[in-house]
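Colleague: This is the structure I want to talk about, given as structure tokens.
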Amino acid sequence: VVADNGVGVLVFEPCGKLIRKIGKKGTEKGEFRDLFSVCVSQQGEIIVADTRIVVFDKNGTFVREFGWKTPKEGSRGRYQGLAMDNNGLLLAVRSDKAGSYIQVFNYIDGTLHSVIDSHGSKLKR
């Protein structure tokens, strides 16, 4: 699975053959504003870091999005990295003008579990 901001998410077979393209640039649900990173859940869902977190099933069908409360809030920053732990928590690095921080979400329902704040310092990639 590869994130390509100009194209969308590309899913390949292990041999390198392209299986499918997921999503496109846009502002509707399931479309990307500023695609940055991607990971795969334990259930095989494709999780995309954008201005919000966008989830697709393994076939590329839009499932849900979460990570911000209003479109204005989502436009002020973006998610830059994702990691899933073995307990079903999704760690998402978010950067905006106020700084950088890690939001920890309950992946199943998308609720915010906790925040790890850099206190105004920029987190290094």
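The values are calculated or read from the model by the stated rules, or taken from the named source; none is laboratory data. The structure presented is a predicted model; accordingly, all values stated were derived computationally and were not measured. Heads up, the Cβs are rebuilt from the backbone with ideal geometry, glycines too, and the neighbour counts pull from every protein chain shown. Just so you know, the surface numbers come from the protein's heavy atoms only, side chains and all, with ligands and any DNA or RNA stripped out. Shrake-Rupley method; radii C 1.70, N 1.55, O 1.52, S 1.80 Å.
Colleague: Most fluctuating residue of Val55, Val63, Val93 in a GNM of the chain with Cα springs under 10 Å: which is it?
Modeller: Val63
Colleague: May I ask you to evaluate 6.51 cos²θ - 1.76 cosθ + 1.60, the Karplus curve with θ = phi - 60°, for each residue of the stretch 21-32 and list the ³J(HN,Hα) values in order in whole Hz, giving x for glycine and proline?
Modeller: 10, 10, x, 7, 5, x, 10, 7, 4, x, 9, 10
Colleague: Moving to a separate point now. With only alpha-carbon atoms in the gyration tensor, what are the semi-axes of the equivalent ellipsoid for the chain, in Å, largest first?
Modeller: 23, 16, 14
Colleague: Another one. Given the -39500 (n - 2.57) contribution per DSSP H run of 4+ residues, what per-residue ellipticity at 222 nm results for the chain, rounded to the nearest 500 deg cm²/dmol?
Modeller: -1000 deg cm²/dmol
Colleague: Next up: Convert each backbone phi in the stretch 9-16 into a coupling constant with the Karplus relation 6.51 cos²θ - 1.76 cosθ + 1.60 (shift: θ = phi - 60°), then list the ³J(HN,Hα) values in order as whole Hz, x for Gly and Pro.
Modeller: 9, 10, 10, 10, 6, x, 7, x
Colleague: Set the bar at 28 Å for Cα to Cα. Now go through Lys24/Lys58; Lys25/Lys58; Lys21/Lys97 and name every pair that lies beyond it.
Modeller: Details: Lys24/Lys58 17 Å; Lys25/Lys58 20 Å; Lys21/Lys97 32 Å.
Table pairs above 28 Å Cα-Cα are Lys21/Lys97.
Colleague: What is the set of long-range amide H partners of Phe32 at a cut-off below 5 Å, with H atoms built 1.01 Å from backbone N?
Modeller: Under 5 Å from the amide H of Phe32: Lys24, Lys25, Gly26.
Colleague: Taking θ as phi - 60°, what are the ³J(HN,Hα) couplings along the stretch 82-89 by the Karplus curve (6.51, -1.76, 1.60), each to the nearest whole Hz, with x for Gly and Pro?
Modeller: 9, 8, 10, 9, 6, 9, x, 9
Colleague: Take the solvent-accessible surface of the protein heavy atoms, probe 1.4 Å, and return the percent of it on the stretch 1-112 that carbon and sulfur atoms account for.
Modeller: 52 percent
Colleague: Also: Can you give the net charge of the other residues whose Cβ lies under 15 Å from the Cβ of Leu90, counting K and R as +1 and D and E as -1?
Modeller: Here the count lands on -2.
Colleague: Same structure, new question: Would you mind checking the stretch 23-52 for residues with the amide N under 17 Å from a putative spin-label position 7 Å along Cα→C-beta of Phe62?
Modeller: The answer is 23-36, 46-52, whose backbone nitrogens lie closer than 17 Å to the label point.
Colleague: Counting heavy atoms of the protein chains only and a 1.4 Å probe, report the per residue accessible area for the chain as a whole number of Å².
Modeller: In whole numbers, the chain has 58 Å² accessible per residue.
Colleague: A follow-up question, please. If one computes the Cα centroid of the stretch 87-117 and of the stretch 1-65, what distance in Å separates the two points?
Modeller: 19 Å
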